[in-house]
Amino acid sequence: MAQKSTLSIKLFASGFCVAESSIANPQHARGKTKFYAVWALLHIPNIGYILFDTGYSNQFRIATESFPDRLYRWITPVTIDNKKTAKGILESNGISISEIRYVIISHLHADHICSLTDFTNAQFICHDDAYEEFLKLSGWSAVRKGILHKLFPADFKNKVKLVGGFADKIEINKYGLTEYSLFGITQFKLVLIPGHAKGMLGFIYNHNEKCILYATDASWSYVNYYNGILPSKIVKLFFDSWDDFVETQKKIKAFELDNRQYNVLFTHCPITLKYVDNEF
């Protein structure tokens, strides 16, 4: 694990759900696919440890005991190893959960935020639009958009920081992607990736020749994204905007074409698993 004087980022995975492969690739895929919940541990000098998402935890089972939330469990059955939750992984690496200063929330779907309640000392960072949807939706309307209110800490409203006001600088890059500079550094920036979920964030990391565009759920497979294979249109039932989803992929491809040194990674892509437990 990185020393406290260094900037670093490391990927981990906590649990997975299972869904029909044809949802991600309606052209060729058959059978079932495991969608692993990858998250990142970032260390920033003079700030400390920051999480980007948290993956699954047993809070998912607790939160989906009753209806309508239980429908989420039926649609995406989840497997979780208690030793491989974000809390378990951090503690096995000698990091107390009390050391986590911030948890950045890419978007509000359960596979990205199940462990929020474990991080009682942390503040939470999310996009303004995501938080607005959190406040607005309840019951089935929330579940349909992947939001389980029982997964959020009781004091979430008091501890959340909206990126629009928290960022040091906001600018739109030449590819049309909105970037948010944070924590007084330039090597790590959040990036708005609309379409899949309201206010969905990814990040751009560039340090010591390690370059990542982590595009969360802008696709579920790099191969599908690269070949222009879009998911089944049934996902429109819970996507925020299909048009934005398609447009975002075009912007990411333009970025990638100009920046060949970057690895474009997606949360649930099998290729991303090759980088899990490797430090950047």
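The values are calculated or read from the model by the stated rules, or taken from the named source; none is laboratory data. Remember, predicted model here, so these are calculated numbers, not experimental data. Note that each Cβ is placed from the backbone with ideal geometry, even for glycine, and that neighbours are counted across all protein chains shown. Note: areas computed on protein heavy atoms with side chains; ligands, DNA, RNA excluded. Shrake-Rupley method; radii C 1.70, N 1.55, O 1.52, S 1.80 Å.
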> Which of the trypsin sites (Lys or Arg not before Pro) found in region 203-280 are in a DSSP loop and have at most 13 neighbouring Cβ atoms, other than their own, within 10 Å?
Replying inline: ARG260, LYS274
> Using a simple spin-label model with points 7 Å from Cα along the Cα→Cβ vector, what separation in nm is obtained for ASP258 and ILE234?
Replying inline: 3.8 nm
> Over its Cα atoms, what ratio of radius of gyration to 2.2 N^0.38 Å does region 16-105 give?
Replying inline: 1.32
> Of (i) -0.96, -1.08, -1.29; (ii) -0.84, -0.99, -1.37; (iii) -0.93, -1.09, -1.44, which is the value of log10 I(q)/I(0) by the Debye sum over Cα atoms at q = 0.13, 0.14, 0.16 Å⁻¹ derived from the coordinates here?
Replying inline: (ii)
> Within the chain, what is the longest stretch that has no GluC sites (Glu not before Pro) placed in a DSSP loop and near at most 10 other beta-carbon atoms within 10 Å?
Replying inline: 66-208
> By a straight-distance test (C-alpha under 17 Å), which lysines pair with LYS274 as possible cross-link partners, with residues fewer than eight away in the same chain excluded?
Replying inline: LYS10, LYS34, LYS84, LYS210
> Carbon and sulfur: what percent of the chain's accessible surface (1.4 Å probe)?
Replying inline: 50 percent
>> Suppose R0 equals 30 Å. What FRET efficiency, 1/(1 + (r/R0)^6) with r the Cβ-Cβ distance, do LYS250 and LEU135 give to the nearest 0.05?
In response: 0.45
>> Straight-line reach from LYS250: which lysines fall under 17 Å, measuring Cα to Cα and dropping same-chain residues less than 8 apart?
In response: LYS174
>> Under the 0.36 nm per residue contour assumption, what length would be gained going from the current alpha-carbon distance of ARG70 and ASP168 to full extension?
In response: 31.3 nm
> What Rg and what Dmax come out for region 184-280 when only alpha-carbon atoms are used, in angstroms?
Replying inline: 13.4, 41
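What share of the DSSP beta bridges in the chain is antiparallel, in percent to the nearest 5? Kindly include the intermediate steps, with their values, before the conclusion.
Details: 36 of 50 bridges.
Here the antiparallel bridges make up roughly 70 percent for the chain.
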>> Accessible area per residue for region 1-51 in Å², computed with a 1.4 Å probe and the full protein assembly in place, what is it?
In response: 42 Å²
>> Could you tell me the relative contact order of region 1-122? Use alpha-carbon pairs under 8 Å, at least six residues apart, and round to a whole percent.
In response: 28 percent
